[in-house]
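A quick write-up on the structure given underneath.
The values are calculated or read from the model by the stated rules, or taken from the named source; none is laboratory data. Predicted model only: the values in this text are computed from it and were never measured. Counting neighbours? That spans all protein chains shown, and the Cβs are built from the backbone with ideal geometry, glycine included.
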Amino acid sequence: MGKKYNLETLEIVVIEHKLEGEELNCKECGEELVEIGIKSKKEIIKYVPAKLIVE
């Protein structure tokens, strides 16, 4: 089983954590930080069950 299944048809959700305000500046020198890459990339498969609603 495992990753042998074709997951290309699944919806992909990308989660980005952006720094804002004071977090954008280095605590040591005060210079503005720049993005240098992705620290972690992982894929999690989540099951979202169908829901019933009344209109």
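Can you find, within the range 1-25, the residue that is modelled with the highest pLDDT among those that are more than 17 Å from Lys46 (Cβ to Cβ) and either of a type in the set (Ser, Thr, Tyr) or in contact with a strand residue (DSSP E or B) (Cβ under 8 Å, 6 or more places away or on another chain) (or both)? Across the range 1-25, the extreme among qualifying residues is Asn25.
Of the residues in the range 31-45, how many are charged (D, E, K, R), over 10 Å from the mean Cα position of the chain (by Cα) and assigned to a loop (DSSP other than H, G, I, E, B)? If you could, list the steps in order and put the result at the bottom.
Kept after step one, since they are charged (D, E, K, R), are these residues of the range 31-45: 31-32, 35, 39, 41-43.
Next cut, over 10 Å from the mean Cα position of the chain (by Cα) only: 31-32, 35, 39.
Retained after the next criterion (residues that are assigned to a loop (DSSP other than H, G, I, E, B)): 31, 35, 39.
Matching residues across the range 31-45 total 3.
For Lys51, state whether it is at negative phi, of a type in the set (D, E, K, R), out of contact with any helix residue (DSSP H, G or I) (no Cβ under 9 Å at 6 or more places or on another chain) and at pLDDT below 90. Lay out the reasoning, then the answer.
Working: at negative phi: yes; of a type in the set (D, E, K, R): yes; out of contact with any helix residue (DSSP H, G or I) (no Cβ under 9 Å at 6 or more places or on another chain): yes; at pLDDT below 90: yes.
Yes, satisfied.
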